[in-house]
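In what follows, a single structure is set out as C-alpha cells and then discussed.
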Amino acid sequence: MVYKVLNNIALKNVNNNVISNIATDLLVIPVNKKVTSSYEFKELDKKSKGYLLKSSKDALNPGNQNHLVSSLEGIKAKKILLIQDLNEKDDIYLWLNKYKYIAKVANSMNCKSMAILDGQCYPKGKDQSWFLEMISRSIESGAYIFSTTKNKTAKTEKIGKQVVSSKVSLKNVSIITSKLSSTEIKKAKTAILRGFSVGEGVNTAKHLGDLPANHATPKLIEKIVKNTTKQYSGLKVKTLNEKDLAKLKMGSYLSVSKGSDEPPRMIIIEYKGGNKSEKPVALVGKGITFDTGGISIKPSSGMDEMKWDMCGAGTVFGVMCSLARIKANVNVVGIMACAENMPSARATKPGDVVTSMSGQTIEVLNTDAEGRLVLADALTYVGRYNPSYVIDMATLTGAVVIALGSHASGVMANDQFLADKIIESGEETGDRAWQLPLWNEYKSCTKTNFADLANIGGGREAGTIHAAAFLSKFAENYKWAHMDIAASAWSSSPKGGTGRPVSLICDLILNKKLK
Ligand code: BES
Ligand code: MN
Ligand code: ZN
C-alpha cells in the first residue's frame with residue numbers, strides 16, 4: 001500500500017461565486033486587509049450580518065491568534081476558522097508552521113473536509129505558485145499522525161497535559177482561489193499537486209522513521225519498499241542481501257550487521273523519467289534500523305531514539321515516491337543502506353580491521369561510528385551508476401546536534417556548486433541546511449598504524465566534519481555532498497520523525513538546479 005494521509009488536495013477557483021455555498025467541515029480564512037476587502041469575504045460577511053467582519057477584528061488582535069465560528073445560517077461550511085494571517089516579512093518557517101497547525105486543528109476537531117481561502121499575501125519574493133505548493137505540502141505533512149502500532153479505537157489521547165487526536169480524520173482539502181485565468185489555473189493545479197506529492201514523500205519518510213525497530217528491520221523495510229513501489233510504474237527496485245554484499249566485497253558494510261540476527265539489505269530504487277543519455281543524480285541514505293552502538297554500546301537513556309537512525313534511507317524512499325508520483329522528468333537512483341547495529345559474540349570489536357569495497361582497509365576503533373562504515377561501501381557502489389552528483393543523507397553524528405541544533409541539516413561537500421544548491425533549496429522550502437568546511441586539514445585525522453583508515457579521529461573536535469572527512473575518501477570519483485541530518489530528521493519532544501530533508505531534496509531535483 002502507498003503510504004497515505006489525505007485523499008486529495010484540490011483547487012477550487014471561484015469567479016464571483018459564493019463561498020457561502022461551499023459545503024465543508026471547516027472553512028479557513030486567513031485574515032488580512034486583502035481578504036476582508038475581497039468580494040468573497042464580503043459575501044460571506046453579509047450572510048453573517050456583519051458578524052464575520054467583527055470576529056475577524058478579534059482575530060487580528062495580537063493576543064488572540066484565531067477565532068472559531070460555529071455554524072452560521074446561510075453559510076454551508078459547518079465551522080469557520082478565522083486565523084490571523086502572517087506578514088510578507090515573516091520568516092518562511094512561520095508560514096510552514098501556520099499551515100501545519102491548521103491541519104492539526106482540523107484533525108483535533110474531527111473534520112473530514114476543509115477548505116482554505118488563499119490569503120493572497122505571500123512571503124517576500126514568493127509568488128502564488130510557491131504559496132499554493134507550500135500550503136499543500138504543509139497541510140499534507142501537518143495532517144500526519146502515527147497510529148500503526150496503536151490501539152485502533154481511541155480517538156484522542158493525552159500527551160502530557162495536551163489532548164491530541166490519535167487518528168487522522170481529515171480526508172479532503174480544497175484551496176480556494178479567485179478569478180484566475182485558465183493558464184493561472186493550470187499553474188496553480190501543478191503547484192498544488194507538487195506540494196501534495198512532496199508532502200506524501202515527507203510523510204513516507206516520517207512513517208518509516210516512526211515505525212519501531214522491530215517493525216522496520218532491513219528485511220521488513222525491503223518488503224515495504226517493494227510493496228509500495230509496485231504501485232508506481234516508474235520505480236524499479238533491486239535489493240542486495242548478505243551474500244550479494246559479500247560478493248561485492250563490502251567488508252565495511254557487513255562489519256556493521258555482523259553482530260545482529262537481522263540480515264542487512266541494500267535497497268536500490270531507480271527512477272528514469274529523464275532523457276536516456278542523462279546521467280542520474282544519486283541519493284544514498286544511512287539506514288541503520290537500530291543503533292545500539294554495537295560493542296561500543298550506547299548508554300540506555302534515550303536509546304529508543306536510535307530507531308530513527310534510518311532516516312537517511314527513509315528520505316531516499318520518500319523522495320523516490322514523490323518523484324514517481326509527480327512523473328518528474330529526471331533520472332535518479334536511490335540507495336537505502338539498511339543494517340542493524342547490535343553487540344553479540346559475533347559482533348565486530350574495537351580494533352578489528354575490515355576491507356571495504358574500495359580496497360581501503362579500515363580499523364574499526366569505535367563500533368558506534370557505524371553509519372560511515374555502511375555508507376563507505378554504498379558510496380563506492382553508487383559510482384557504478386556514473387552519477388552526475390551524489391548526495392548522501394545520514395543521521396551520522398551527535399556532534400551536529402551541538403553544532404547546528406535542529407533548525408539546519410549540516411552540509412559538507414567536495415563540490416561548492418552542489419553545496420550552494422542544497423543550501424538554496426533549503427531556503428526555498430524552509431527545510432534549511434548550513435555548510436561546515438571540509439578542508440584537507442580535517443582529513444589527516446583518519447590515520448592509524450594498523451589500516452589505511454580509522455573510522456574515528458579528531459577526539460572531541462569537530463566530530464561532524466571528521467565523519468564527513470572519512471566519507472570523502474570513498475567519494476573521490478564524483479561530485480558529492482554529505483548531509484548530516486542527526487538533528488533535523490526527528491524531534492525528541494514531541495517524539496516523531498520530521499520527514500526532513502525530503503522537501504529540500506525534491507526541490508533540488510525538480511527544479512533541475514543540478515544541471
Ligand atoms: N546514530 C549515531 C548519531 C546520533 C547520535 C544521532 C545521537 C542522533 C543523536 C551515530 O551512529 C553515532 O553513534 N555517532 C557517534 C560517532 C562517534 C562514535 C565518533 C557519535 O556521534 O557519538
Ligand atoms: Mn552509532
Ligand atoms: Zn548511527
Leading residue by the ranking (surrounded by the most Cβ atoms within 10 Å (Cβ to Cβ)) among those in the range 355-378 that are within 15 Å of ligand 2 (Cβ to nearest atom) and in a loop (DSSP other than H, G, I, E, B): Glu370
Residues of the range 380-421 that turn out to be more than 16 Å from ligand 1 (Cβ to nearest atom) and either hydrophobic (A, V, I, L, M, F, W, C) or under 21 Å from the mean Cα position of the chain (by Cα) (or both), as a count: 11
Residue, nearest to ligand 3 (Cβ to nearest atom), within the range 354-384, restricted to residues that are among the small types (Gly, Ala, Ser) and touching a helix residue (DSSP H, G or I) at 6+ places or on another chain (Cβ under 6 Å): Ala376
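Within the range 379-399, track down each residue that is within 13 Å of ligand 2 (Cβ to nearest atom) and not in a strand (DSSP E or B).
Correct list: Thr395, Leu396, Thr397, Gly398, Ala399.
Quick check: is even one residue across the range 49-56 out of contact with any Pro (no Cβ under 9 Å at 6 or more places or on another chain), polar (S, T, N, Q) and assigned to a loop (DSSP other than H, G, I, E, B)?
no
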Selected residue (only one of Lys34, Lys47, Lys54 is charged (D, E, K, R) and without any contact (Cβ under 8 Å) to a residue 24 or more places away in the chain): Lys54
Where a residue in the range 491-515 is within 12 Å of Glu428 (Cβ to Cβ) and its partner, wherever it lies, is modelled with pLDDT under 95 and part of a loop (DSSP other than H, G, I, E, B), with Cβ under 8 Å and at least six apart: Asp507/Lys513; Leu508/Leu514
Any hit, the range 318-341, residues being within 13 Å of ligand 2 (Cβ to nearest atom), more than 24 Å from Asn386 (Cα to Cα), modelled with pLDDT of 95 or more and in a loop (DSSP other than H, G, I, E, B): no
First in the range 358-381 and closer than 15 Å to Ile297 by Cβ and of a type in the set (D, E, K, R), second anywhere and at pLDDT 95 or above and not in a helix (DSSP H, G or I), Cβ under 6 Å, 6 or more apart: Asp368/Gly293; Asp368/Ser296; Glu370/Asn341
Given (1) surrounded by 16 or more Cβ atoms within 10 Å (Cβ to Cβ); (2) modelled with pLDDT of 95 or more, index of the condition Tyr93 fails: (1)
Scan of the range 287-306 for residues that are within 23 Å of Ala376 (Cβ to Cβ) and either away from ligand 2 (no atom under 11 Å from the Cβ) or outside any loop (DSSP other than H, G, I, E, B) (or both), ordered by number: Gly287, Ile288, Thr289, Phe290, Asp291, Ile295, Met306
Selection count, the range 471-489, where residues are more than 16 Å from ligand 2 (Cβ to nearest atom) and either within 13 Å of the chain's Cα centre (by Cα) or of a type in the set (A, V, I, L, M, F, W, C) (or both): 6
Failed item in (1) surrounded by fewer than 21 Cβ atoms within 10 Å (Cβ to Cβ); (2) within 12 Å of ligand 3 (Cβ to nearest atom); (3) of a type in the set (Asp, Glu), with Asp261 passing the rest: (2)
Those strands (runs of 3 or more DSSP E) lying entirely in the range 152-207 with at least 3 residues modelled with pLDDT of 95 or more and in contact with a strand residue (DSSP E or B) (Cβ under 7 Å, 6 or more places away or on another chain): 172-178
Considering residues of the range 460-515 that are of a type in the set (Val, Ile, Thr) and touching a Gly at 6+ places or on another chain (Cβ under 6 Å) only, the residue nearest to Leu323 (Cα to Cα): Val502
Complete set of residues in the range 392-406 that are away from ligand 3 (no atom under 16 Å from the Cβ) and either outside the structural domain of Gly499 (by TED's automatic domain parsing) or touching a helix residue (DSSP H, G or I) at 6+ places or on another chain (Cβ under 7 Å) (or both): Ala403
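The values are calculated or read from the model by the stated rules, or taken from the named source; none is laboratory data. Because the structure is predicted, anything quoted here is derived from the model rather than measured. Using ideal geometry, Cβ is built from the backbone for each residue, glycine included, and neighbour counts are taken over all protein chains shown.
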